[in-house]
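Peer 1: One structure follows; several queries about it will come next.
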Amino acid sequence: MEIPIVTTDVVIVGSGLAGCAAAREIKKSGKDVIVLTKLHPLRSHSGAAQGGVNAALSDDDDVELHMFDTVKGSDYLADQDAVELMCSKAPETIRWIEHMGAAFSRREDGRIAQRPFGGQSKPRACFAKDRTGLTLLQTIYEQAHREGVAFWDEWYVADILYKNGKAYGVVAFNLRDLKPTIFNAKAVMFATGGYARAFKINSNAHANTGDGLSIFARHGLPLEDMEFVQFHPSGLAGSGILISEAARGEGGRLYNSLGERFMEKYAPEKMELAPRDVVARAIMNEIREGRGVGPDKMAVYLDLTHLGEAKIMERLPELRDLAITFLGQDMVKEPIMITVTAHYSMGGIPVDINGHVKQAPNKLTEGLYAAGECACVSVHGANRLGANSLLEALFFGRHVGQNIVEDLEKGIEFQPAAGSEANTMLEEIEFIMTNNGTEKTAKLRQELQDTMFENCGVFRTEESLKKQKEILKELRNRFRNIRIDDKSKTFNTDLQEAIELGHMLDYASFIVEGAIARKESRGAHYREDYPNRDDENFLKHTYAYMDEEGNISLEYGDVVLGKFEPQERKY
């Protein structure tokens, strides 16, 4: 089969905030760029972010306080040079996107409105009602399109071209008809989002299957700090659909089945506005001790009725619609049922402060970049502060795009690709299309999600993690016996979901292995058998590698410290 080869300066995989922001900067500089995406760009998961984007704009706030809140929220695992860069550029980033047309909610005096979020010393989250991510995504997509960025949507990237520490393109197929194409470029950037779909209850879009991370891992590249998965305190009971922290920022209160405002026990000063890891553990503790609500007692109440209909309709209209649609509960009239939901990935593809992908803790690749949630520049450490994710995606997307342009102008040599380099992808497709086993994708995925939530969720132990390790081994073996029913080449979602499941099984092993080795509790990683933070042994980043048999090995890298010395974290 002759494989078409498309050449360009830069190929970007993923079209959320980070991908679009980078693409705009690259195209604006005069370079050619192609964005490949499984979805239409405006369906990217960035658009699901509701509550806000942080920047120290108000008179009583400052950049250093934003930095401190971020580092403290991270449980001191964040790299402080990256945190300083992001926080110091946050006000400029807000002005940049505002001047391109982002319509933020306003105060009466005309300034951008800001609301409180968990773990923050000041109201700092700039917002557009409860549709902030969608507002930002629409703005940056429009501006990238206006610059002439080429978006190739409904293309599935299945492999990278990577040899001897250098990347020079990707291999993809068209979801419409399975036709393969090689995209040969001087530089490659991944902005493929998070990976919480590995958990039963999660807030992520169906597309968030961690493909990018697994593709890197299959080439022997490391993944960093994968054990740190954030569980958001407020997903709708049953489905896990996100109810933004904005609800608690506007004054929402949490109650158990006894009518107790239980956060008084866990974070008496910050109450419902403690950081997400603290509130999520408090909710799960109430549920585990029998004080949950709902038919299965697996939820607690979030009460907003005291805010009144006018404020809810002004600030939280989408959240109200979601609760009515999926639970039949109107937050204007009654408390709604919420529970914790797997939400965000602090770990991912290790990068330096300018987005260059690392092939070891102190060694960079050439021509390979990552930004947004799939990347680990480590501004979030062990626990992300609410409203810092949109900031990270927007700022680092733009910043990495600018650095790609600089690197291109310094001279990245173009390495021609050969058609045979699509063989790995073609063999993967052939295996899934023709294998006549007995296992079904949906059943294996459900078992993966159920057991990851149970054994590697909010609370973890050595026993539960080792049990999950064995379950993953079994699921990987059963995956080799898979069979799909759809053998056609037209929008074959059976095939796509099977490929995605293979990726999910890969990166789930990284989460579990990192969690087994980290014998401490820090941020979102809570070990009941090691309940305390251990700076002496674990103030360090995890780098994990996968061999051809799927075995994971670990090494560790230094945390970049700075002006904020690690101290006990109290709220």
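The values are calculated or read from the model by the stated rules, or taken from the named source; none is laboratory data. Just so you know, these numbers come straight off a predicted model, no measurement behind them. As a convention, Cβ positions derive from the backbone with ideal geometry for all residues, glycine included, and neighbour counts pool all protein chains shown. Ligands, DNA and RNA are stripped out before the accessible areas are found, and what is left, the full protein with its side chains, is counted by its heavy atoms. Shrake-Rupley method; radii C 1.70, N 1.55, O 1.52, S 1.80 Å.
Peer 1: Which of the helices (runs of 4 or more DSSP H) found entirely inside region 193-294 contain at least 1 residues meeting this: within 20 Å of residue 380 (Cα to Cα)?
Peer 2: Once the helices (runs of 4 or more DSSP H) in region 193-294 are filtered for at least 1 residues that are within 20 Å of residue 380 (Cα to Cα), what remains is 211-217, 246-249, 276-288.
Peer 1: Looking at residue 277 and the list (1) under 25 Å from the mean Cα position of the chain (by Cα); (2) open to solvent by less than 60 Å² (accessible area, probe 1.4 Å); (3) more than 28 Å from residue 560 (Cα to Cα), which single condition is not satisfied?
Peer 2: That leaves (3) as the condition not met.
Peer 1: The conditions are (1) open to solvent by less than 10 Å² (accessible area, probe 1.4 Å); (2) within 27 Å of residue 507 (Cα to Cα); (3) in contact with a strand residue (DSSP E or B) (Cβ under 7 Å, 6 or more places away or on another chain), and residue 133 fails exactly one of them. Which is it?
Peer 2: Of everything listed in (1) open to solvent by less than 10 Å² (accessible area, probe 1.4 Å); (2) within 27 Å of residue 507 (Cα to Cα); (3) in contact with a strand residue (DSSP E or B) (Cβ under 7 Å, 6 or more places away or on another chain), residue 133 misses just condition (3).
Peer 1: A further question on this structure: Quick one: residue 220 ticks every box in (1) closer than 28 Å to residue 116 by Cα; (2) open to solvent by 10 Å² or more (accessible area, probe 1.4 Å); (3) not aromatic (Phe, Trp, Tyr) except a single one, so which number is it?
Peer 2: Exception for residue 220: condition (1).
Peer 1: Within region 400-421, can you find the residues that are closer than 19 Å to residue 164 by Cβ and part of a helix (DSSP H, G or I)?
Peer 2: Matches in region 400-421: 407, 411, 420, 421.
Peer 1: On to the next question. Take the residues of region 473-526 that are polar (S, T, N, Q) and in contact with a Leu (Cβ under 7 Å, 6 or more places away or on another chain): which is most open to solvent (accessible area, probe 1.4 Å)?
Peer 2: In this case the residue turns out to be 496.
Peer 1: Out of all the residues in region 415-461, which are open to solvent by 30 Å² or more (accessible area, probe 1.4 Å), among the hydroxyl-bearing types (Ser, Thr, Tyr) and within 25 Å of the chain's Cα centre (by Cα)?
Peer 2: Listed by number, the list holds a single entry, 461.
Peer 1: Considering (1) surrounded by fewer than 24 Cβ atoms within 10 Å (Cβ to Cβ); (2) closer than 18 Å to residue 349 by Cβ; (3) touching a Phe, Trp or Tyr at 6+ places or on another chain (Cβ under 8 Å), say which one residue 180 fails and leave the rest.
Peer 2: (2)
Peer 1: Determine which member of the set 346, 313 is aliphatic (A, V, I, L, M) and surrounded by fewer than 19 Cβ atoms within 10 Å (Cβ to Cβ).
Peer 2: Matching residue, one of 346, 313: 313.
Peer 1: Before we move on, is residue 144 crowded, with 17+ Cβ neighbours inside 10 Å and in a loop (DSSP other than H, G, I, E, B)?
Peer 2: no
One line per residue, one yes/no per condition, for (1) in a loop (DSSP other than H, G, I, E, B); (2) of a type in the set (S, T, N, Q):
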site: 498; (1), (2): no, no
site: 502; (1), (2): no, no
site: 509; (1), (2): no, yes
site: 520; (1), (2): yes, no
site: 532; (1), (2): yes, yes
site: 536; (1), (2): no, no
site: 554; (1), (2): no, no
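Peer 1: Now a separate question. Tally up the residues in region 90-124 that are over 28 Å from residue 269 (Cβ atoms) and small (Gly, Ala, Ser), please.
Peer 2: 4
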